[in-house]
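First up is the structure itself, then whatever we jot down about it.
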Amino acid sequence: MIKNRKAYLYVMIIIKILSFILFAMTTQAFSQDHPAVDIISTDAGDVEMHFIGHGSLMFQVNDFRIYIDPVRSIGNYDISKKADLILVTHEHSDHLDPELIEDLRKPGTIVMVNKNTASRVKGAKALEAGDVENINDIIVEAVPAYNIVNMRSPGQPFHPKGVGNGYILTIGNKRIYIAGDTENIPEMKALKDIYVAFLPMNLPYTMTPEMVADAALAFKPHILYPYHYSNTNTDELVKLLKDNSIEVRIRNLQ
């Protein structure tokens, strides 16, 4: 028994501090193992949106799982949760991981990729902008993704036109736009009826917060997630869009 009250209180404070530190460490480890999840309702069922990290996402509607740009180095993957559909926007190593794609496959898994990726993934179907597929009553549209300003060298954009894809998924009555690596191109700004949009925001490869805001104000998604944002300050985007109806949601998608 501790007879001195001050000593007793001191010990209790230390115990509480240590308990808090342990809880924080456990919570952080758990969050790393289990990506955050948001849910949107559609008339085809709820869509779980799993934020794996960077450009990697997983959507689940009922028991149907869709992986977008799965890359093992980006986040933790439970490979027991096999894919029904895998979409790859382009062939850069932070978006394409052929070995992980094979691990996520099961009999019947459909893999759709941009044309430059097709030769690197066995059995993959190449899509180009304008192509539309119906998979399990989910409409998959390939749309353009490219740079118009940022260049690797003069005349050499980081993402040339006609190479990479973005994708629009129509699930029930909701349209979800995953932009891929792109800038605020005219085709993006002309989109209609997008409920959820994932727009990339990091330089020099994709967009500044100002470019993302410009695109969002043009096609007006109901919900906007900046993704693939690296060290870009997401608060800047929140400020730029604070006085309109677009809901900006920040998740760990660095």
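Values quoted throughout were computed directly from the atomic coordinates according to the rules given, and no laboratory measurement underlies them. Note that the structure is predicted; figures quoted are calculated from it, not measured. Backbone-built Cβ (ideal geometry, glycine too); neighbour counts: all protein chains shown.
Points to keep in mind about this one:
- DSSP loop trypsin sites (Lys or Arg not before Pro) with at most 11 other Cβ within 10 Å excluded, longest remaining stretch of the chain: 4-121
- Summing +1 for each Lys or Arg and -1 for each Asp or Glu among the other residues whose beta-carbon sits under 13 angstrom from that of Ile194 gives +1.
- Quotient of the Cα radius of gyration of the chain and 2.2 N^0.38 Å, N being its number of residues: 1.17.
- Exposure proxy ranking for Asp137, Asp97, based on other Cβ atoms within 10 angstrom of each Cβ and starting from the fewest, stands as Asp137, Asp97.
- Partner aspartates and glutamates for Lys122 [C-alpha distance under 18 Å; skip if fewer than 8 residues away on the same chain]: Asp69, Asp84, Glu91, Asp97, Glu99, Glu102, Asp103
- For the chain: relative contact order, % (alpha-carbon pairs under 8 angstrom, 6 or more apart): 12
- Positive-end residue of Leu57, Pro154, His92, charge dipole of the chain with Cβ unit charges: Leu57
- Entries of Lys115/Lys220; Lys81/Lys125; Lys174/Lys242; Lys192/Lys242 with Cα pairs more than 25 Å apart: Lys115/Lys220
- Extents of segment 168-217, largest first, come to 36, 16, 15 Å (Cα atoms, principal axes, whole angstrom).
- Student exercise, the chain dipole from Lys, Arg, Asp, Glu Cβ charges, in Debye to nearest 20: 1000
- Between helix 5-33 and the chain: long-axis angle, C-alpha atoms, 0 to 90°, nearest 10: 20
- Gain on full extension, evaluated as 0.36 nm per residue between Leu217 and Asp43 minus their Cα-Cα distance, stands at 60.0 nm.
- Other residues within the sphere of radius under 11 Å centred on the Cβ of Ala118, judged by their own Cβ, net out at +2 (K and R +1, D and E -1).
- Counting only Cα atoms, segment 148-254 measures 40, 29, 23 Å along its principal axes, largest extent leading.
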